[in-house]
Structures are given as structure tokens and as C-alpha cells.
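The values are calculated or read from the model by the stated rules, or taken from the named source; none is laboratory data. Note that the structure is a prediction, hence the values are computed from the model and not measured. For neighbour counting, all protein chains shown are included, and Cβ atoms are generated from backbone atoms with ideal geometry for every residue, glycine included.
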Amino acid sequence: MAAQKKLPFWADAILLPTLNLLAAFLVSGLVIWGLGEDPLEALSLMVDGAFGFQEGVGYTFYYATNFVFTGLAVSVAYHAGLFNIGGEGQAMLGGLGLTLAVFLVGDVSPVLAVLLAIVGAAAFGGAWAFIPAYLQAKRGSHVVITTIMFNFIASALLAYLLVGPLQRPGGQMPESADFPDGVSLMHLQDLFAMMGFTYESGPLNLSALIAVLCAVGVWFMLWRTRFGYELRVVGQNQNAARYAGISVTRMTVIAMMISGGLAGMMGLNELLGEQLRLLGNFTLGYGFVGIAVAFMGRNHPVGIVLAAMLFGALYQGGAELAFEMPNIQRDYIVLIQGLVILFAGAMEHLFRDPVERVFRHFSERRAA
Amino acid sequence: MEFFTDMILLMDSTLRTATPLVLAALAGLVAERSGIVDIGLEGKMLAAAFAAAAAAAVTGSPWMGMLAGVGASVFLALLHGWVSIAQRGNQIVSGMAINIAVAGLAPTLANFWFQKGGQTPLLGDEARFSTITLPFADALADVPVIGALYSELISGHNLITYLAAALIPLVAWMLYKTRFGLRLRAVGENPEAVDTAGISVTLLRYQAMVIAGVLCGLSGSVLSTGLGGGFIRDMSAGKGYLALAAMIFGRWKPVPTLLACLLFGFVDALQGRLQGVALPLIGEIPVQFTMMLPYVLTVVILAGFAGRMDAPKASGTPYEKDH
Amino acid sequence: MTNAFAIEARGLSKSFGDVKANDQIALKVPGGTVHGIVGENGAGKSTLLKMLFGLYRADSGDILVCGQTQHFTDPSDAMAAGIGMVHQHFMLVEPFTVLENIILGAEGSANLDAAKEAARAKLLMLEDQFGFNLPLDTPVEKLSVGVRQRAEILKALYRGAEILILDEPTAVLTPQECEQLFALVRQLKDQGKTILFVTHKLHEIMAVTDDVTVIRAGKTVAECKTADTNPEELAELMVGAKVVRKTARKQHETEIARLRLTDVHADGDHGLELKDINLEVFDGEVLGIAGVAGNGQTELLEIITGLRAVREGVIHMGGEIIANDRLVTNPIALRRMGMAHVAEDRLKTGVVESMSARDNAILGYQREKEFSSGGILKLKAIAQKAAAYFETQDVRPRNPDLPIASFSGGNQQKLVIAREIARDPQLMVIGQPTRGVDIGAVTKIHDQITELRNAGKAILVVSADLDELLSISDRIAVMCEGEIVGTMNVEDATETKLGLMMAGDKREAS
């Protein structure tokens, strides 16, 4: 067993993800073609929709903000050896925590309410991940299945609250009352205006900066702290973790709660940044997008931010596309997600093996 | 007497809701016994439900629907097999990817073909597997107890439910009484032993995936052409995961898995009955809470009876020949 | 037929990447003989066997069975040619019965019940012929290792094997079980079977073979009649230079029990129980723990190193209690108290395979001030330390950034030992010090253990290799079925004595 030749950094970090992505897009293009539309035209419509005008760019980054939160959530759990599919439910509960915080102190102090809302979102999201995490750690109950069940339960719980105790007084829709005035995260276009220039960035708001801070924080935690080291050891080899004096139970629970907290913070962008009320279905599957984003981004925060922007563009471009091409609905974007997860997450070897062969071939030729 | 009738009706709908579960659970069982974890049951079910409804809507024949449903499911099973066997990919990730991709593809195609917002048209009676009245059911209906049991509970299900009832012993027989079953069970426990005995691990696993695909295809078909009358968005509603939980609860054995599915079916039937009913002491339970029941039950079951002790030892790990 | 060999290899070669595992191997085995193949770990024996059994395909060279050139593409071809193999790790499906295991892949009928009955009749005849008496309907997981091995041999015979390859068959047996195996091998030979007996233990070669082939570094270095050679000559051929059997040792006697287990009971795996364990390890000595694998040694290591709870009794380290029925001390605390632990199963426990050698260099010590403060890792200090370990232990290749999985077993073990001795521990707990380690590193590791002992450290070593224990220990304790059967000074220990104790015979202990 000779030491395996490692691929150069750029091939590993850029070439392979790009190939995986291209493969996923190729299949997606075939589907568009099968739907009787021109894939290239669709592509140009999407690019135009996502980047062609100021508000489009704003929306692209607005969606990307959601995906940074949910992508980081998946990756923190993944580094601890856990597959957290429960981002959707954790985001819902995060939204609930946020809303409760807002109504609790919103009338007293908007600033305090915003701060408490951030804490509430993370805390409720984390708490919703606690039970699956605990059951995995203590009882070996498969976290994939339990977190999915918790998505269904969260959805039913939210539905109940929004037609019951939390429903807008006198309202018919499953939504809460509007947040009190001033309890929101500032839109960036307003911030730009204050700084003296105009950029119509739509709903893009301060949560985008919070998301970037979270990405930096996750990177620092995973690769620069002892806690992150221990978390990664647990994720790679539980026996070795015990040998090194690390409590696998404790680490499993904490990692899942951090993961849930990050997913929970998605509500900051959707609710506190834009909707200013709690909606029954505000998560719209963004929790699942996090899986694709995490795999596409190689579970590294930098990659996740890039992948989130790509998916942001897909969502925004896809919305424009659905407008122009009646055969293509937003469901189509869900298909692309699935394909990206498949190619980037499960079919790594499809391109890795040939690329390694090519590199070996060239390095041998150079040696000879 | 009214209680008795109520119970019969409850049991009757238990059998109905348990049908897709037990078929999917058996699919998961065959796959895992061969060493491949199949969390993609959900996606295969949904794909089959859509394909069956679409084909039935176009051809007017539930049989063509079933064929299309099974075909779609087998295709996805082979894809998952290829990723797991040839690509040595992460089986959980692959399964999830298939689930998500189907959740996007099925409504896209439905919209393209039928322009009904991601659904198929409502199927007419001739395009569905209608309920089958067993011989003498009407004649016996008036006989006390037995008559009701026979005509209400046993009789009056759709074809796939009866097919499922026949498939359970068939799968059990295949696993425990045939050469193929012996090899299948062996490959999930110790693929190296199978390999050195001169049997192809790869072929066995693909065979298992085809069987799983067929079973899961039937499961999806019954959703849209047996129990329901067409495909609607997300109609599998987590049943694929419930089936996996039932299989784990049933310790990877056919008969206990069947019992677990019946339990799930019962809870599902019960939640249907509880809607809008005022219970003593508690009062009326909000519908959202009764809907949670199967999901809460799954978590409780996994918490209480999990443990990988009984799982096939090699399940989830790709087999690599060393050379 | 008369001149043809039962099995013959001509110029067999096989490379993995740049490594020539087998280089022009030649082998000639006359029918009806027992032929020994000896070589150190990593000499290329396994590769040769896998080619003979169709698991690997040779890069070049020929395999002949009864004079016919063979082209095996997989094991079924080899079996069809009459070759059977008993692998070092048994190829048995544990929940299956002996009968089911034997017929797997050779069932005959598609109807399992019919296949079983047909096989049963044939097996009873075979059992009669070769003197087996196996419980055909018992699940394999309930059987002892020796019985499982017989099931494997019967499985090969059932498939019509005329040539049997036994790969390191004694590695997991007690000396008494070995004797039974040798008797069986002789009986098989009397019935006309040809046997390839592969081992790295020389006395086994002397005891059971007719001829012997020595392999070193992938090459055939000698082939001779067993009667014409002796263990010393074979050892020299195997290793390539004169071997010094005993490590230099300085007598060291003190009264401080660094580690003391008093009346310890604990629950083990697979229903095993540790019962009434009493042990002491003193400063300046090596206490070896012998026993057949699975008799509680793993659990013993775990209770000492804080990885498993004790049900009854007390464990002291120095003067302090480190474990009792209410207390399990965290491994990190134990390390700070001066205990170092070289884990028995390196890849499963001792390292994190996918992480770099550098990250592995602090495993278990990540909370020391040297490597982290205020929760932040000191990357520079960690890198320097890893580089230092590489230097002092001569770990190759000199690249701490590579994943630990890409180092050889010996280099991994050297790094682990460097990590564990770096903080000058008072007590070393070592499981299988040289398992999966190449010969060059073995000597170095043994010398290092002796040096530590001479420096006054207390050392507890668990090993499956009796030769190893006899050469490095001062005292040896033997475990069987979760109990310490007895303890003796190494001067009083012989393989026979230890073997009887390993089989549970307590009389030898006194």
C-alpha cells in the first residue's frame, strides 16, 4: 500500500466540484430539453434573471443568505459524523422562537427585540435538534429518520399555532400578526442610501452579514479551536474519540444543537428581514437546499458561501424562468438540488478516479 | 354492537393504509439484507405513484399504471444500486438525493403533461384498482361476527392489497427457503465470505435492488391508483421513512416488519377517526396533533427499539475487492 | 502425473503501484505432502496465496496444478481446480449455521431445504473419513475459534479440495488447539491431500511440514527439506541477518505497585465477563498478558484506560483510585496522571485514519496547554511537535500533512508510540505492540519498550504473540474466559505451560 498521491489543492477544491456541478447541470439541461424548451435559452434567462438587474442580484443574495445558514447547519453536523436532514423543522422552530421574542419585548424596545430574536431563533432551532441528537447519542436512533419526523411534527405544530393561539386576531390566513414597528433587520438598499449611493437590492438585508459572520465563525470553530478538533475526531472515528477522552454523547448533542441553531437563524432573513410576520410555510424547502449547498461546498464554509450564491442564483433565475417558460415551474429547481446532491455528495468517485489517473499519468511521465 | 362495527371499520382502514407501508418496508428489508441501506424508499414510492397515475390517466388502464410505476421505481433502485455498488458512494446521501430529485421531477412532469399544477387528473374508476368483493361476501354479510369480519374486513380491498398479502409469505420464503435467499442474507452479513465462495457480490446486490424496486413500485402504485385516485404533490408524505422505521422495529425480519406496518397503519387509521371527535376528558384534539401521531410514533419506536444489533453487519458499507 | 507437482508456481510476480509484493516467486509442491511457506509480516506470503487462490491475478508467471497451467480469474476457478483455502480471517457468516456456511455457493439445489439435506449426507461421510465432529446446526457465532477453523477446513473439503492452503492457521489458537490442528493436518496428508502451511512461526514449520519455502521481501530465498534445516537457519534466511532473540535487559526490582487491580469484575462484550481480576504492575517491569484473543484482554485494557466501567473492585494507579463501581476516570485525566495508552487496534482506536499525521500527533493530548489554550489550537506548536516525533522515531515519509492512513503500519505505530511517550509517562499500557508492523520496526519497538522499562517505567503489554511476550516481559499473566488463570516469572514460563493456562488449566499456575 504505497502512499496515495494526493491531488493538488486546486484540483480537489475547484476542478472536481466543478465537474460534479457540470454533470448535474447537464442532466438538468436534458430535462429542460425533454420539456420541449431550449436549455441554452433557459440558461441565459436564468443568468439574466439572477444577475441582469439590480433587484435580481439583490434577490440572488437574499436567497443565498438562507442557504448559507442551512448549508452551514448541515456541514457542522456532517463534520461530527451526523446527517442532519432536519434543517427545515429547525428553521420553522427558529422562526417561532424569533416571533415569540419579538412579541415579548417588541413594544418595549425594538433593538432589544431584534437582539433577543436572534438569540430566540438560534435557541429554538437548537432545541428542536436536541431530541433527535439525544436519541442518536443515547439510543442509537437513526438521526436521519428522526430529524425527518421532526420536520413533519414541526410543520404540524406551526400549522396549529398559526390557526390557533398565534393567528393574527381576526385573520383567516395561517400567519401571525405583523411585528411591531421598527422590529426588523435593515434592508441593505436603505443602508446604501444612507451611505449615499443607490442600489436597488430588494429584500437583501443585514442577515446577509450575520450569515457571513456565521460562516467565519464556523470555519474558526472547526479548524482553529480545540472544540472543533474534538468535533471532527468524533465525526471521523468514535472509538478514537473515546480513546482521546472526548465524550461522544456530549459532542453529538452539542454539534446537532449548533447545527439546529444555524438552521433556526434562517428565519432572521425571511421573517425579520422581509416578511415581518410568522408564516406557516416560510421555510419553503430551504432547509433541504442546505444539504445540496453543503455537499457542493465540500462542507467548507468558503465553499458553502459560494455554493449558496450559486443556489441563490438558481432560485432567483428559476423564478424568472418559471415566468418566461410555462413548462418550467419552481419544482424544477428542487430537481436540480437533488441532482447536485447526487453528483457532489454520492458520486464523488465518478470524476475523482479518472482525474487521479490523469494526474498520475502526468507525474509519471515527468518522473521518467 | 356499534363498537364492534367501529372496530371492524378501523381494522379495515388499517389494512388499507398498511398496504403501501408493508410493500415499501419489504423493499427496504431486501435491500438492507443485501447490504445496501435504502433511505430512498420515499422517492421511489413518489416516483412510482406519479408514473402509475400518469400512465393510468393516459391509457385508462391501472395495469399499465402499475407497469409504469414499477418501471420508474426499478430504474431508481438500479441508480441507487449503481451509486452504492460501482461508485462506492455514501448510501444515505444517494438515497436523500433521489428523494429530493423525485420531489422536484414528479410535479414538473405532471405539470408539463397535464397542466394541473403538479397533479395528474383525477382517475376514473376504470383507471384505478377498484375494490374487489370476494365471493360470497354479500351472501355472508348477515351472518353474525364472521360475516362482518369476512365481508367488511377481508373482502373489499383493492388488488394490490391482496397482492401485498401474498407477497409477504413469498418474500419470507425467498429469504429463508431458497438458495438465492441464503446468498442474499450472506452478502449483507459478510460479502467477503460470499466473494471467496465464488459468488458475485455485485450481481447479488443488483438483484436485490431490482426486487426492492419492484416492491417499492407496487407500494407507490397503490397510493395513486388504488387508495387514491390520482397523483398529488408530496403524496408519499414520509411513508417511505415510516416503512424504514417499521423495518428496523421489525428487526429486518418479514413477519415482525409486517406487524410493525400494521401498527403504523392502525395509528394512521385511528388518527383519521379521531379528527373532529370529542374525547372524554381531553375534548377534541386539534387535527394538527392527530396528524402528528404516525411521526411521533416513529420517533418513539426508534427511541425504544433501535440499536444496530440486529442490522445486517455489512449494510451501508460498499464492498471493495482489494486489488 | 508422477513427475508433475500438485501445485507449482513459476516466476510469479505482482506489484502494487511501485511496490513489488511478489518478485519471481517459485514454488514446487509434490502431491500428498505438507509444504511450509515462511516469511516475516509483509514478506509477500499473503499476495502469493491470493494469487494461488484466484483472488489476485499475477502480473507475470504461471500457476500449474497437476502439471496443467491455470488461469484463475476468481476463487471459483481455483476451487474448480481443487484448491481450497482457509483464510486467516475466517470467511464465515456468523449468524449462519455450520451447515449453511459450508454449502454457501455450492448449494446444488435452488431449494434450500433439499440442498441442506443432500449436503448433510455428504458431510457426514466426509466427517467420518477425516475424523471431524462438528455441530452442523449451531450458528457459527456460538462456536470457539478452533471449531470455526475446522468448519472452514470441512468447507474446503466439501468443495472437493485436493490442495489446502492454510494461511497463518495458528495465529488465533492455543498451543493445545495447535496440536490438534497439526494432528488433523497429518491425517489429511495420510489421506492424500496436499497442504500448504503458511506461518511465520518456525517451530510450527519444524513440527508439521515435509518441505519448506522461505520468502523474503517478495522473493523466494530458499527451498529445502524440513529435515535438512533448523530454526536458526530458517530465521536467518527469513530476516536476512543474524537475529538476536533476547533483548538486553537490566534487572530492576522495586516495591511500588504503579498499577493495582483488586478483585475487579466488569461486563465485557459478547456475554464475556471479567471475573475477580487481581494484578499488580511495578515500576521498572514489563507485565505481559497472554491469552487467546477474545478472552478478556481487550476489556482489561479498557477498564484500566478509562474506556469501560468496572462493576466491582478497585483499580489504583500510584496511590490513587482510578476506577471502582462508581468511578470511571476520563482518559485525559489518566494521561495527566502519567498513564500512556497504545491502543490494541490502532486503526480502530489509536488514530483517526482520515486525519493528517499532524492532527493525530495530539490525539488524546489536545487539551494540554502545549497544544491549546483558551480553547484555541496552537497550530505552530502542534506542527513543531509532529515534526519532532517524525524525526526522533524516523517516521517515513517525512510529511506530517499526509493522512495517517497513507503511512505503513510500522510508521503509524512509531508515531503513536512517540506521541504516548512524549510526556514521560509513569505507566505504559500497550495493546499488541507490533501487530501489523513490518519487521524492521518490530525490533525498534521492542528495544524501546525495554528502554522505558530500564528507565523505571511500569509497563503492561497485551499481546497475542507468545514469542513477543516471552522476549520482552518480566512476568506473564495469562487470561482465559475473563479470568487471570495465573501469573509467572518469565524464567519459569514455557510455551507449553502458557498454552495449557491459555486453555484454562489452572493447575499450571501454581
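Annotations for the structure displayed:
- Checking B:I98, B:I92 one by one, the residue that is in contact with a Leu (Cβ under 7 Å, 6 or more places away or on another chain), within 12 Å of another protein chain (Cβ to nearest Cβ) and more than 26 Å from B:Y162 (Cα to Cα) is B:I98 and no other.
- Checking B:L170 against (1) more than 14 Å from chain C (Cβ to nearest Cβ); (2) over 15 Å from the mean Cα position of the chain (by Cα); (3) in contact (Cβ under 8 Å) with a residue 12 or more places away in the chain, the condition it does not meet: (3)
- Every condition in (1) in contact with a strand residue (DSSP E or B) (Cβ under 8 Å, 6 or more places away or on another chain); (2) more than 19 Å from B:S221 (Cβ to Cβ) holds for B:G35 except the one numbered (1).
- Residue in the range A:323-330 that is more than 25 Å from A:G228 (Cα to Cα), at pLDDT below 90, over 21 Å from the mean Cα position of the chain (by Cα) and away from chain B (no Cβ under 14 Å) present: yes
- Evaluation of B:A197 against (1) buried (at least 21 other Cβ atoms within 10 Å of the Cβ); (2) in contact (Cβ under 8 Å) with a residue 12 or more places away in the chain; (3) out of contact with any helix residue (DSSP H, G or I) (no Cβ under 7 Å at 6 or more places or on another chain) (one fails), failing number: (2)
- Listed conditions (1) away from chain B (no Cβ under 14 Å); (2) in a helix (DSSP H, G or I) are all met by A:A159, apart from (1).
- Looking across the range A:306-329, the residues that are surrounded by fewer than 21 Cβ atoms within 10 Å (Cβ to Cβ) and more than 13 Å from A:A42 (Cα to Cα) come down to A:L306, A:M309, A:L310.
- Scanning the range B:34-67 for residues that are under 19 Å from B:A24 (Cβ atoms) and surrounded by fewer than 24 Cβ atoms within 10 Å (Cβ to Cβ) yields B:V37, B:L67.
- Complete set of residues in the range C:57-105 that are within 7 Å of another protein chain (Cβ to nearest Cβ) and of a type in the set (A, V, I, L, M): C:M79, C:M91, C:L92, C:V93, C:L104
- Hits in the range A:36-57 (condition: surrounded by 20 or more Cβ atoms within 10 Å (Cβ to Cβ) and hydrophobic (A, V, I, L, M, F, W, C)): A:A42, A:L45, A:M46, A:A50, A:V57
- Residues considered: B:V214, B:V296, B:V300, B:V267. Of these, the only one that is out of contact with any Leu (no Cβ under 9 Å at 6 or more places or on another chain), within 14 Å of chain A (Cβ to nearest Cβ), buried (at least 16 other Cβ atoms within 10 Å of the Cβ) and assigned to a helix (DSSP H, G or I) is B:V296.
- Output for the range B:101-110, where each listed residue is more than 21 Å from A:Y286 (Cβ to Cβ) and facing chain A (nearest Cβ under 7 Å): none
- Test set (1) assigned to a helix (DSSP H, G or I); (2) more than 20 Å from the chain's Cα centre (by Cα); (3) crowded, with 24+ Cβ neighbours inside 10 Å - B:T120 fails condition number: (1)
- Of the residues examined, A:L222 is not one that is more than 14 Å from chain B (Cβ to nearest Cβ), under 26 Å from the mean Cα position of the chain (by Cα) and farther than 30 Å from A:G81 by Cβ.
- Every condition in (1) in contact (Cβ under 8 Å) with a residue 40 or more places away in the chain; (2) not in a helix (DSSP H, G or I) holds for B:G276 except the one numbered (1).
- C:A361 vs. criteria farther than 30 Å from C:I256 by Cβ, out of contact with any strand residue (DSSP E or B) (no Cβ under 7 Å at 6 or more places or on another chain) and buried (at least 18 other Cβ atoms within 10 Å of the Cβ): yes
- Qualifying residue in the range A:284-301 (condition: surrounded by fewer than 24 Cβ atoms within 10 Å (Cβ to Cβ), free of Cβ contacts under 8 Å to residues at least 12 places away in the same chain and under 15 Å from the mean Cα position of the chain (by Cα)): yes
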